[in-house]
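So the structure is just underneath, and the comments pick up after that.
What follows draws every value from the coordinates through simple rules; no lab data is involved. Source: prediction; values computed, not measured. When we count neighbours, we look across all protein chains shown, and the Cβ atoms used for this are built from the backbone with ideal geometry, even at glycine.
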Amino acid sequence: MSKYSTGFRNSILRKVLPPESRSIAQVSREEGISNQTIRNWVAKAKDGTLDAAAGELSPDRRSISEKMSLLLESRSISKDEIGNWLRKNGLHSEHLSLWEQELRQSMTEKEKTIQEQNHQLKLKTKKLEKELARKDKALAEMAALLTLKKKVDALLGDDEDD
């Protein structure tokens, strides 16, 4: 089963096939879909093996990138045409508001996770810097003691190899 709905796939195909004829690379970057996936869809569309109903996903099983694309696309549609657009994509208006909430929640959770990771990294960095300073101080002390020992040995004429 495809992870993209038929409606989403068809909207991508409309962008890359005539009359729009946009580049696959450009559409791939915009939509977050691999070039190869789009190339496969185009090849199947051209040779007639693309099943129009295959891979239809329920609105809740769509990928996060597809949900985002559909939300953005819905924002550009006039109030008069939104009903037709929703039917064409197999959606209800509630899906859009639910997806918006889902995306907001996902972004909030991601932001909290990033903040926590950042905090943990700062603590680790502080600990490592403190340990490094301690080791630098110990190394300087050892160098001073070694220098002092050499001076004492030189003064006393001690020829021992230590």
How large is ³J(HN,Hα) for each residue in the range 75-86, as worked out from phi by the Karplus curve 6.51 cos²θ - 1.76 cosθ + 1.60 (θ = phi - 60°), to whole Hz, x for Gly and Pro?
5, 8, 9, 5, 4, 5, 9, 4, x, 5, 5, 4
Integer Hz, Karplus 6.51/-1.76/1.60 couplings in order for the range 40-47, x for Gly and Pro
4, 4, 5, 4, 5, 5, 6, 8
For Asn89, residues with placed amide H under 5 Å, excluding near neighbours:
none
How long are the semi-axes of the equivalent ellipsoid of the chain, defined as square roots of 5 times the Cα gyration tensor eigenvalues? Whole Å, largest first.
67, 22, 12
Stokes-Einstein diffusion coefficient of the range 70-162, Kirkwood radius over Cα pairs, 25 °C, 0.890 mPa s, in µm²/s:
123
Take the range 6-91, drop everything but the C-alpha atoms, weight them equally and run the Debye formula without solvent; then report log10 I(q)/I(0) at 0.13, 0.22 Å⁻¹ to two decimals.
-0.43, -1.24
Centre separation in Å (Cα based) which lies between the range 8-27 and the range 75-148
33
For Trp85, Trp41, ascending order of other Cβ atoms within 10 Å (fewest first) is Trp85, Trp41
Burial-style ranking of 12-22, 61-71, 28-38, average other-beta-carbon count within 10 Å with highest first, yields 61-71, 28-38, 12-22
Would you kindly state how much longer the chain becomes between Met68 and Lys150 on full extension, computed as 0.36 nm times their sequence separation minus their alpha carbon distance, in nm to one decimal?
22.3 nm
